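This report concerns only the one structure given below.
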Amino acid sequence: MPEPIEVHKVAIENVSDASGLAELIDKGTIKADRVIAVIGKTEGNGGVNDYTRIIADRAFRDVLAARGSRSMEEITQIPIVWSGGTDGVISPHATIFATTDAASVPQTDEPRLSVGYAMSEQILPEDIGRLPMVEKVAAGVTVAMERAGITDPADVHYVQTKTPLLTLETITDAKSRGKDVWTEDTLKSMDVSNSTTALGIAVALGEIEMPRAEQIHKDLSLYSAVASCSSGVELDQAQIVVLGNVRGIGGRFQIGHSVMKDALDSHGVWDAIRNAGLELPERPQTGDLRGRVVNIFCKCEADPSGRVRGRRNIMLDDSDVHWHRQIKSCVGGVVASVTGDPAVFVSVAAVHQGPSGGGPVIAIVDQGE
């Protein structure tokens, strides 16, 4: 039986600030050696050259090394997933997951949050956008599920990943070995890495059959309802965090999910909160949450039709501001309007993650007294 999980969200006050994590450890709220995953938003541009992710990664790992007994080699294996870009009202923050002693948490047979993590095999530049990456991610998800004690894929409500994207250096490396790559557009490779990863998650959870190569990043009818995939320059494996509910482990936290059908679908956010076990009135307001929502995690995508609810927008035609930043800002505002808290995890590039033009939305709720 896996150990119960504590979840805490902390603010990031500057690009290298890990004081929120340090404070949780210093107060005894969590133990450094029990931290098993971090998922956060950093304030960079969210693009290929967003080095705020690397700076934040180093800051958080340094705190774990300074305040715990694990070696740096062990600490480098902890999934710390950063999504760059806090456009609009989105506030930089980190959600920290740590195991805790079962004797110290409420005992219950109700579904409670469990977390498993894994690192995939190395993902080569030529794998991105292709079936070998789907297969490597699917294998990693299976391992992470086992570590979370989850046997039924229906109990998985969130799979957060971080995978490599293509850079000039890795493209050159592939060519030097006689290989080609799916795209030489490094920014587009971010979207492709995310979408390929999402298909791997969907395969592992039985949401779809193994896709054909020509369906990757093209057949938008294929998607996972629980995948949230980010990519960056700071790794060459898939970091995989699987979150779901397990009965009998105890604790205060429960997770649920739904989908946003489009960029304005606040009902999808409310549905995810209800799916996480929080009872709400028929027409809920922010005050009905009573501070029990730890965080909301979602993916978003500019609708390829160029329209939302029949109305035209110009995000995909805008040469001044990339659509990544526009849709992230929009959805961040919608989600924050539900929670009343701008520190929400909103990530872009959602092909194969939720329905086209929308995306998965996940809620973690504190069910404690």
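The numbers here are math on the coordinates, done by the rules we state, and not lab data. Note that the coordinates shown come from a computational prediction; the quantities given were computed from them, not determined experimentally. We place every Cβ from the backbone using ideal geometry, glycine too, and count neighbours over all the protein chains shown.
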*asked:* Given the DSSP H assignment, sum -39500 (n - 2.57) over each helix run of at least 4 residues in the chain and divide by its residue total; what's the result at 222 nm in deg cm²/dmol, nearest 500?
replied: -8500 deg cm²/dmol
*Full extension from residue 317 to residue 167: what is 0.36 nm times the residue separation minus their Cα-Cα distance, to one decimal in nm?*
51.5 nm
_Which residue fluctuates most in the GNM of the chain (Cα springs below 10 Å): 113, 21, 280?_
280
*Environment charge at residue 245 (Cβ cut-off 11 Å; Lys +1, Arg +1, Asp -1, Glu -1)*: -1
*For the chain, set up a Gaussian network in which alpha carbons nearer than 10 Å are linked by springs, and say which option among 271, 62, 236 fluctuates the most.*
62
*Going 7 Å from the Cα of residue 71 in the Cα-to-Cβ direction, what parts of region 109-139 have a backbone nitrogen less than 19 Å from that spot?*
119
*Average projection area in nm² (convex hull over Cα atoms of region 224-285, one quarter of hull surface)*: 6.8 nm²
*Hey, got the dipole for the chain? About the Cα centre, +1 on K and R Cβ, -1 on D and E Cβ, debye to the nearest 20?*
340 debye
*Could you tally the net charge around residue 39, taking each other residue with its Cβ under 11 Å from the Cβ of residue 39, Lys/Arg +1 and Asp/Glu -1?*
+3
_Total charge dipole magnitude, region 49-157, about the Cα centre, Cβ charges on Lys, Arg, Asp, Glu only, Debye to nearest 20_ = 340 debye
*With unit charges on the beta carbon (Lys/Arg positive, Asp/Glu negative), name the residue among 245, 346, 281 whose Cα is farthest towards the positive pole of the charge dipole of region 236-369.*
281
*Is any helix in the chain, taking whole DSSP H runs, at least 20 angstrom long along its axis by alpha carbon and on average at least 0.5 on the Kyte-Doolittle scale, and which ones?*
131-148, 186-204
*Part-to-part distance (alpha-carbon centres) for region 295-369 and region 147-206, which is given in Å*: 20 Å
*Could you pull out the pairs from 218/328; 162/218; 136/162; 188/299; 136/175; 162/188 whose alpha carbons sit more than 19 Å apart here?*
218/328; 162/218; 136/175
*Assign unit charges at the C-beta atoms only (+1 for Lys and Arg, -1 for Asp and Glu), then state the dipole size of region 118-189 relative to its Cα centre in Debye, rounded to the nearest 20.*
120 debye
*Once the Cβ-Cβ distance between residue 147 and residue 26 is put in as r, and R0 is 22 Å, what FRET efficiency do you end up with, to the nearest 0.05?*
0.20
*How big is Rg to Rh over region 110-264, alpha-carbon atoms, Rh as the Kirkwood inverse-mean-distance radius?*
1.01
_Percent RCO, i.e. relative contact order, over the chain, from Cα pairs under 8 Å lying at least 6 residues apart_ = 22 percent
_region 224-369: C-alpha gyration tensor shape, a/c 1.5 cut-off, then a/b vs b/c_ = oblate
*How would you rank 191-197, 52-58, highest first, on the average number of other Cβ atoms within 10 Å across their residues?*
191-197, 52-58
*asked:* Tell me which trypsin sites (Lys or Arg not before Pro) from region 59-142 have a DSSP coil assignment and no more than 10 other beta carbons within 10 Å of their own.
replied: none
_Pairs of alpha carbons in the chain whose separation is greater than 31 Å (percent)_ = 29 percent
_Per-q log10 I(q)/I(0), region 164-240, q = 0.20 Å⁻¹ (Debye; single scatterer per alpha-carbon; no solvent)_ = -0.92
_Formal net charge of residues neighbouring residue 232 (Cβ-Cβ distance under 10 Å; K, R +1; D, E -1)_ = -1
*If the convex hull of the alpha-carbon atoms of region 1-109 is projected onto planes in all directions, what is the mean projected area in square nanometres?*
8.1 nm²
_Could you give me D for region 110-196, from Stokes-Einstein at 10 °C and 1.306 mPa s, where the hydrodynamic radius is the Kirkwood radius over C-alpha pairs? Units µm² s⁻¹, please._
111 µm²/s
_Under 5 Å between amide hydrogens, which residues at least 5 positions from residue 16 or on another chain qualify, with H placed 1.01 Å from N in the peptide plane?_
none
*Return, for the Cα atoms of region 55-201, the radius of gyration and Dmax in Å, separated by a comma.*
18.0, 57
*Could you work out how far the C-alpha centroid of region 242-278 sits from that of region 1-66, in angstrom?*
23 Å
_Which of 40, 232, 20 ends up with the largest GNM mean-square fluctuation for the chain, with Cα atoms connected below 10 Å?_
20
_Size-normalised alpha-carbon gyration radius of region 281-364, reference 2.2 N^0.38 Å_ = 1.18
*For an R0 of 30 angstrom, estimate the FRET efficiency from the Cβ-Cβ distance between residue 122 and residue 283 and round to the nearest 0.05.*
0.05
